[in-house]
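Below: the structure, in structure tokens.
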Amino acid sequence: MSEPRILLAEDDPNLSFVIEDHLISEGFTVVAAANGHEALRHFRNQSVDLCLIDVMMPKMDGFSLATEIRKVNDLVPILFLTARSMEQDRLKGFEIGGDDYITKPFSIAELTQRIRVFLRRSVTTAGVSEKNLALGALRFDELNLLVIGPQSTAQLTQMEADLLKLLLQHRNQLVKRETILVEIWGENDYFKGRSLDVFISRLRKYLKEDPDLEIRNHHGVGFSLVDRNFSG
């Protein structure tokens, strides 16, 4: 099995060297870039398994880079590196298709663990036998991360698919916020909780073709995927 390939977009040469050196020692292949333009060129020219993107970079910032990546690839995990702590910046990253945030300064061991979690999800999904789950008038293709409807097909990110699968496993039942956060992000964190609301909003758009499907918000408690035609 080939080594996982990480695209590292970080303009701080010292931090970039430390991250690259550690990830290589952990068995990863690292493609490093000092700005967004260089990172996008690398992404277009070779296959990568995960993108590690600094938000503040010259020539093209991390949000712009992530937006360009999502135009051509909905599936590759995107993790933002940021010194920012403002909530709106975090939410913007999730809205454009980011999967997680790692705030500077961070533990290099924590960074490696986060990367392994996302890569493990991708491998697990790829290794599952194809399964299409009925979702009202729609179908959820777990293998290819698709929601297929009568009029359109939506491509999900890995995180969106993981969240939809969790809600499906508890269809017509309340799933508490803390349960979702721990299952999907690994921790019950305030900022992850705000990002959960963004992901729920995106899932609602994918399900809107079927009026009998609803992701219901139980304020302050959690969410439930309501399927009015489901009798299981």
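At a glance:
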{"item": "Contour minus Cα-Cα distance for Phe230 and Asn45 (0.36 nm per residue)", "result": "62.1 nm"}
{"item": "Ranking by accessible area, most exposed first, for Met60, Met159 with a 1.4 Å probe", "result": "Met60, Met159"}
{"item": "Cα gyration tensor of the range 127-232 - equivalent ellipsoid semi-axes, whole Å, descending", "result": "22, 16, 13"}
{"item": "For the chain: accessible area per residue (Å², 1.4 Å)", "result": "48"}
{"item": "Cα-only Debye scattering, the chain: base-10 log of I(q)/I(0) at q = 0.09, 0.11, 0.13, 0.15 Å⁻¹", "result": "-0.39, -0.57, -0.79, -1.03"}
{"item": "Sulfur and carbon atoms: percent of accessible area, the chain [1.4 Å]", "result": "49"}
{"item": "Three semi-axes of the equivalent ellipsoid, the range 1-70, Cα gyration tensor, whole Å, largest first", "result": "19, 15, 8"}
{"item": "Gap separating the Cα centres of the range 1-43 and the range 53-75, nearest whole Å", "result": "14"}
{"item": "Options Pro4, Leu167, Ile108, ranked by Cα towards positive dipole end of the chain, top entry (Cβ charges)", "result": "Leu167"}
{"item": "Nearest-0.05 FRET efficiency for Thr67 and Asp12, computed from C-beta distance (R0 25 Å)", "result": "0.70"}
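The values are calculated or read from the model by the stated rules, or taken from the named source; none is laboratory data. No experiment lies behind these values; they were computed from the predicted model shown. No Cβ is skipped: glycine too gets one built from the backbone with ideal geometry, and neighbour counts run over all protein chains shown. Note: accessible area is taken over every heavy atom of the protein model, side chains too, but ligands, DNA and RNA are not part of it. Shrake-Rupley method; radii C 1.70, N 1.55, O 1.52, S 1.80 Å.
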